[in-house]
Amino acid sequence: MNAFYGLFLVCALALVALMGVGGAGLTGLFGIVIPYAAVAIFVLGFAWKVYGWAKSPVPFRIPTTGGQQKTLDWIPYARYDNPVNSRDTVVRMILEVLCFRSLFRNTSAKLGTAPDGTPQVGYFSEKWLWLGAILFHYSFFLILFRHMRFFTSPVPFIIQQVDFFDSILQIGAPTMYITDLLFVVGILWLLARRLIYPQIRYISAPADYFPLFLILGIALSGIYMRHIDKVDVIAVKDFAMSLVMFAPKVPQNVAPSFFVHFFLVCTLLIYFPFSKLMHLGGVFLSPTRNLPNDTRIRHHVNPWNPHLKPHSYEAYEDDFRELMVEAGLPVVKQPEEAGAEE
């Protein structure tokens, strides 16, 4: 049912754009007002979230550790799973951000049978989630990078090369991009695992399905308007450049499918800062990832601690010696001995 809510909402958004442009003729609203508002909400919302995380104090080292901590010299330790210095922590972050290393080590638990016939829980490597995430994220990045050709004039050489190699298979006319196929495969797998596996389906909320259906809708509408509807690319680029130059003009003779695609993109921008998609910025500020585990090497003082003068046991006994003697508690110095020293 939660999946249905997400699918229904995305279909409703597409229908709103289709009726707003195709029926009511609100091209100015969907082509100019909403895109500018979406970009403003995305930038301000993203910055607000990152600022909130950045100013949050982290008084303790709380990195997630997945291996042996550094201890005696003759005991090998996990350098990148349990880093103790900034260099290893940076390497850990690079592997995490670029290779999804923690996801690569993901395991699944299954109930099996031991040799003696008793039930036994077994843990197995789970690489399909990592593969789907890699396909999805890198394809998404390359697709966004390719789309920069609509917002630049002349188009930078690197974007042209990415566009060339992405369509190097020369399938269809216009040519099918490799990343388009991989992107759809990746998003379908991430969606399917939430629907197929009962454990994952049980913990999945509408907020888990909605961004998946929304991104899938963006991908399918983009493929549709490129290969089936065949929108006027020149008009789309003129429109995109007018938005970038802050001289917007309503595009003419552009199929409504473009506005559906564009409106879904704007919805994603608006939704992004308030969703779990913010892991894009949060991964860099996560104290479980970006801190070295050096609590055995350095003494970390909690900045929230009040500045109190130390009170030694000797001073404590001087203050309460008579009371301690009366209560029968042992003392280091008897009252007579302490009095003689004074």
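The values are calculated or read from the model by the stated rules, or taken from the named source; none is laboratory data. Bear in mind the structure is a predicted one, so any value in this text is a computation, not a measurement. Here Cβ is always computed from backbone atoms with ideal geometry, including for glycine, and neighbour counts include all displayed protein chains. Accessible surface is based on the protein model in full, side chains and every heavy atom, while ligands, DNA and RNA are left aside. Shrake-Rupley method; radii C 1.70, N 1.55, O 1.52, S 1.80 Å.
So Phe30 fits all but one of (1) of a type in the set (Phe, Trp, Tyr); (2) modelled with pLDDT under 90; (3) surrounded by fewer than 13 Cβ atoms within 10 Å (Cβ to Cβ); what number is the exception? That leaves (3) as the condition not met.
Results for (1) among the acidic types (Asp, Glu); (2) open to solvent by less than 30 Å² (accessible area, probe 1.4 Å); (3) farther than 23 Å from Val265 by Cβ; (4) touching a residue at least 60 places away in the same chain (Cβ under 8 Å), shown as yes or no for each residue.
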residue: Glu126; (1), (2), (3), (4): yes, no, yes, no
residue: Trp130; (1), (2), (3), (4): no, no, yes, no
residue: Leu142; (1), (2), (3), (4): no, no, no, no
residue: Phe151; (1), (2), (3), (4): no, no, no, yes
residue: Phe157; (1), (2), (3), (4): no, no, yes, no
residue: Phe165; (1), (2), (3), (4): no, no, yes, no
residue: Ile171; (1), (2), (3), (4): no, no, yes, no
residue: Ile178; (1), (2), (3), (4): no, no, no, no
residue: Leu181; (1), (2), (3), (4): no, no, no, no
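The test for being of a type outside the set (A, V, I, L, M), within 24 Å of Ala3 (Cα to Cα), modelled with pLDDT of 85 or more and exposed (fewer than 15 other Cβ atoms within 10 Å of the Cβ) holds for Pro198.
For segment 221-253, taking the residues that are closer than 25 Å to Val10 by Cβ, of a type outside the set (Ser, Thr, Tyr) and open to solvent by 90 Å² or more (accessible area, probe 1.4 Å), the one that is modelled with the lowest pLDDT is identified as Lys230. Apart from one condition, Gly31 fits all of (1) more than 17 Å from Leu268 (Cβ to Cβ); (2) touching a residue at least 60 places away in the same chain (Cβ under 8 Å); (3) in contact with a Pro (Cβ under 9 Å, 6 or more places away or on another chain); the exception is (1).
Per the listing Leu98, Leu111, the residue uniquely free of Cβ contacts under 8 Å to residues at least 60 places away in the same chain, surrounded by fewer than 14 Cβ atoms within 10 Å (Cβ to Cβ) and in a strand (DSSP E or B) is Leu111.
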